[in-house]
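A short worksheet on the structure shown next.
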Amino acid sequence: MGYISPKARIRTQNIVEGAIVLGPSEIGERTYIDANCVIGYPIRRKVIEILEKEAIRWIRDFDSISKGSIIGSNCIIRRGTIVYEGVKIGNRVETGHNVLIREETTIGDDTKIGTATVIDGHVRIGSKVSIQTGVYIPPFTEIEDNVFLGPYVKITNDKYPPSKRLKGVTIHKGAVIGCGAILIAGVEIGEGAVVAAGAVVTKDVPARSVVLGIPARVIGTREEYEAKKKQWEELS
Amino acid sequence: MGYISPKARIRTQNIVEGAIVLGPSEIGERTYIDANCVIGYPIRRKVIEILEKEAIRWIRDFDSISKGSIIGSNCIIRRGTIVYEGVKIGNRVETGHNVLIREETTIGDDTKIGTATVIDGHVRIGSKVSIQTGVYIPPFTEIEDNVFLGPYVKITNDKYPPSKRLKGVTIHKGAVIGCGAILIAGVEIGEGAVVAAGAVVTKDVPARSVVLGIPARVIGTREEYEAKKKQWEELS
Amino acid sequence: MGYISPKARIRTQNIVEGAIVLGPSEIGERTYIDANCVIGYPIRRKVIEILEKEAIRWIRDFDSISKGSIIGSNCIIRRGTIVYEGVKIGNRVETGHNVLIREETTIGDDTKIGTATVIDGHVRIGSKVSIQTGVYIPPFTEIEDNVFLGPYVKITNDKYPPSKRLKGVTIHKGAVIGCGAILIAGVEIGEGAVVAAGAVVTKDVPARSVVLGIPARVIGTREEYEAKKKQWEELS
């Protein structure tokens with residue numbers, strides 16, 4: 001039940017039988033697309049529109065409505081990953097299993113996206129970003145280069161849900177967000193800042209500071225964190 | 001490897017090749033069932049019983065033991081969603097990807113269920129409920145109409161795990177539960193109450209109150225929350 | 001698109017059409033492998049190596065590089081579960097849906113692994129362990145017999161991420177970890193200890209103690225917990 005759109009520009013030989021590539025997608029050299037992946041899945045509005053007009057019996061019936069997505073070279077897209085249309089992914093990007101990347105998202109080179117992560121559309125992610133397992137990234141989030149998102153970090157975009165005003169979180173270069181931390185809509189995480197595991201961040205975090213707790217408060221600096229990290233590493 | 005049971009009553013033309021519909025399921029008009037979905041997946045006890053008696057080589061071998069599920073009209077069931085047998089879903093319900101809905105669950109009209117949400121069986125969910133990404137809803141939970149469950153809300157049903165007494169959480173009409181909040185077994189969330197992101201709710205929340213923290217305590221009223229929301233929305 | 005390696009030793013008749021078994025895997029008597037499961041998925045390094053040398057068009061092209069995995073008898077491996085190579089699973093183990101078990105992991109008899117749980121490789125799990133839905137278990141974690149991990153428990157292995165020294169968490173026999181708790185890299189959870197829902201555990205937990213909060217602190221004993229549990233159970 002795999003399918004590759006005749007409109008797609010495929011520069012790789014590594015699309016596994018069973019993978020689905022819709023619309024005028026572009027897949028770069030040596031990129032691997034696993035079975036049970038979909039590239040170019042149509043957005044909700046188009047699915048609803050086409051269902052009002054005609055019967056859908058094959059996933060390839062979506063081919064005509066998908067504008068496709070662009071995936072660079074030397075990527076690895078693992079089994080179960082779904083990439084919506086209008087996504088642009090750089091080179092040497094890897095996904096784990098069952099990753100969802102929704103529409104109008106851009107992802108830079110060398111970024112890794114862990115299993116079961118959901119990138120919920122309209123998101124900008126830089127290069128060399130490390131996204132661990134099970135992270136949630138909603139619309140309007142901006143994540144700069146070299147950011148580290150620990151397992152199951154959850155980012156929000158609605159301060160008073162359900163409201164009419166969504167405001168994304170911005171995470172500046174080199175910031176580190178610990179496991180299971182929650183970032184509330186609209187906060188800015190400063191360059192090189194560190195958010196401890198389990199923190200709930202309700203206001204902006206200054207650059208190169210370390211925050212902890214619920215609500216998160218400053219407890220130190222990145223320099224102190226790096227010193228402690230060095231000691232910890234030397235114990236091994 | 002799709003399969004539609006000859007016992008099923010199918011009123012839609014939109015079952016994508018590769019979808020599986022087991023037992024005497026009923027699928028309403030214009031409902032879309034994506035590839036890689038299963039409707040009517042048999043419960044654990046029946047799977048174990050049949051495995052003791054005969055070999056299972058095809059998913060359709062489950063057809064004889066499934067009592068099927070009922071899905072209303074104009075629903076969208078997205079790729080990877082699994083609905084167990086004995087589920088009743090209303091009209092205009094949508095699921096994201098990789099949603100799991102286990103047995104003996106009822107879901108009202110116009111409810112939306114986000115990607116990777118797990119509804120773990122024996123759950124009642126009303127109409128116009130908004131369930132965001134990655135929510136966990138265990139057995140014996142009751143969720144009334146117009147409730148909003150933010151991303152990765154986790155509900156429990158065992159106060160002293162692992163115990164012999166499971167007690168569900170009840171969430172009354174119009175309540176709002178923030179991202180990543182945990183609701184402890186047996187609590188009642190009052191009508192229109194608001195639980196802040198990251199809270200751990202250990203006791204009942206009065207109607208139209210706002211609670212926050214670990215353990216959650218009352219910090220205000222829904223009216224105050226709505227006033228702040230209005231201000232926030234007007235900033236845009 | 002199912003595939004069973006000619007190198008595999010299959011002692012069951014219950015491998016559903018559409019399942020994939022790679023390399024010299026061994027599957028025990030009466031074990032059920034659902035459609036859309038993969039057993040013996042190759043590790044990252046091997047995937048990258050083979051992609052540098054040749055085109056991959058079929059999942060069975062991975063057969064030559066997989067060293068396979070061993071699954072005991074009377075297991076149930078549900079739809080969407082992926083088991084990497086080098087995994088050894090005992091008898092009567094069950095997985096929910098979309099479970100990921102990565103390489104060099106051992107799992108004892110009678111252990112249950114809930115839907116969407118990720119076991120991220122190099123993990124040792126004992127017998128009769130109950131792993132609820134959505135749990136995250138990173139490399140170097142050790143979990144002894146009879147442990148209970150509530151829904152969405154998150155375990156970490158990097159105290160100062162991203163660092164060069166990963167240190168696993170050890171959970172001793174019979175410990176209970178509540179819903180959504182976070183265990184920080186390197187901590188030991190003592191035999192029979194209880195971690196409350198939503199706690200963040202930053203240091204070792206003494207045997208048979210109960211801890212709660214962020215950071216978690218001792219609030220009682222397992223004996224007191226069991227007495228409260230008994231009272232709670234008698235209410236029903």
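The values are calculated or read from the model by the stated rules, or taken from the named source; none is laboratory data. Please read these numbers as outputs of a predicted model, since none were measured by experiment. Heads up, the Cβs are rebuilt from the backbone with ideal geometry, glycines too, and the neighbour counts pull from every protein chain shown.
Quick notes on this structure:
- Taking the listed residues C:ALA207, C:ALA196, C:ALA227, C:ALA175, the one that is over 18 Å from B:GLY180 (Cα atoms) and buried (at least 24 other Cβ atoms within 10 Å of the Cβ) is C:ALA175, with no other qualifying.
- Taking region A:39-48 as the range and being of a type in the set (A, V, I, L, M, F, W, C) and either within 14 Å of chain C (Cβ to nearest Cβ) or within 18 Å of the chain's Cα centre (by Cα) (or both) as the test, the residues that pass are A:ILE39, A:ILE43.
- Matching option when the condition is touching a Gly at 6+ places or on another chain (Cβ under 8 Å) and among the aliphatic types (A, V, I, L, M), among B:VAL187, B:VAL169, B:VAL201, B:VAL218: B:VAL169
- Test result for B:ALA55, hydrophobic (A, V, I, L, M, F, W, C), within 14 Å of chain A (Cβ to nearest Cβ) and more than 14 Å from the chain's Cα centre (by Cα): no
- Residue-level check: of (1) surrounded by 20 or more Cβ atoms within 10 Å (Cβ to Cβ); (2) within 23 Å of C:HIS97 (Cβ to Cβ), C:MET1 misses just (1).
- Test: residue in region C:172-183 that is among the charged types (D, E, K, R), under 22 Å from the mean Cα position of the chain (by Cα) and away from chain B (no Cβ under 14 Å): yes
- Taken as a whole, the structure leaves C:ILE10 outside the set of residues that are more than 22 Å from C:ASN91 (Cβ to Cβ) and without any contact (Cβ under 8 Å) to a residue 40 or more places away in the chain.
- Of the criteria (1) outside any loop (DSSP other than H, G, I, E, B); (2) within 11 Å of B:ILE39 (Cα to Cα); (3) of a type in the set (Lys, Arg), which one B:ARG60 fails: (2)
- As a summary of the residue check, C:LYS230 satisfies the conditions (1) free of Cβ contacts under 8 Å to residues at least 24 places away in the same chain; (2) within 12 Å of another protein chain (Cβ to nearest Cβ); (3) in a loop (DSSP other than H, G, I, E, B) except for the one numbered (3).
- Test: C:HIS122 is part of a loop (DSSP other than H, G, I, E, B) and in contact with a Phe, Trp or Tyr (Cβ under 7 Å, 6 or more places away or on another chain): yes
- Residues that are hydroxyl-bearing (Ser, Thr, Tyr) and outside any loop (DSSP other than H, G, I, E, B) within region C:149-196 comprise just one, C:THR170.
- Conditions (1) surrounded by fewer than 23 Cβ atoms within 10 Å (Cβ to Cβ); (2) farther than 19 Å from B:ASN14 by Cβ; (3) away from chain C (no Cβ under 13 Å): number failed by B:GLY90: (2)
- Residue that is farthest from the other protein chains (Cβ to nearest Cβ), among those in region C:58-69 that are modelled with pLDDT of 95 or more and under 23 Å from B:ILE56 (Cα atoms): C:GLY68
- Residue list for region C:96-120, restricted to those being surrounded by fewer than 21 Cβ atoms within 10 Å (Cβ to Cβ) and within 14 Å of another protein chain (Cβ to nearest Cβ): C:ASP110, C:LYS112
- Hits in region C:125-150 - residues which are surrounded by fewer than 24 Cβ atoms within 10 Å (Cβ to Cβ) and closer than 17 Å to C:ASN91 by Cβ: C:GLY126, C:SER127, C:LYS128, C:VAL129, C:SER130, C:ASP145, C:ASN146
- Close pairs (7 angstrom Cβ cut-off, 6 or more residues apart or separate chains): modelled with pLDDT under 95 in region B:32-56, assigned to a strand (DSSP E or B) and of a type outside the set (A, V, I, L, M) anywhere: B:LEU51/C:TYR32; B:ILE56/C:TYR32
- Residue check for A:LYS167: in contact with a helix residue (DSSP H, G or I) (Cβ under 6 Å, 6 or more places away or on another chain) and closer than 25 Å to A:THR105 by Cα: no
- Top-ranked residue of region C:210-224 - restricted to ones that are surrounded by fewer than 20 Cβ atoms within 10 Å (Cβ to Cβ) and under 21 Å from B:GLY186 (Cα atoms), ranked as nearest to the other protein chains (Cβ to nearest Cβ): C:GLY213
- Under the condition of being over 19 Å from A:LYS154 (Cα atoms) and of a type outside the set (Gly, Ala, Ser), the residues counted in region C:125-156 number 16.
- Those residues of region A:12-38 which are away from every other protein chain (no Cβ under 12 Å) and out of contact with any helix residue (DSSP H, G or I) (no Cβ under 9 Å at 6 or more places or on another chain), in sequence order: A:VAL21, A:PRO24, A:SER25, A:GLU26, A:ILE27, A:GLY28
- Count - residues of region C:26-59 that are of a type outside the set (A, V, I, L, M, F, W, C) and crowded, with 21+ Cβ neighbours inside 10 Å: 7
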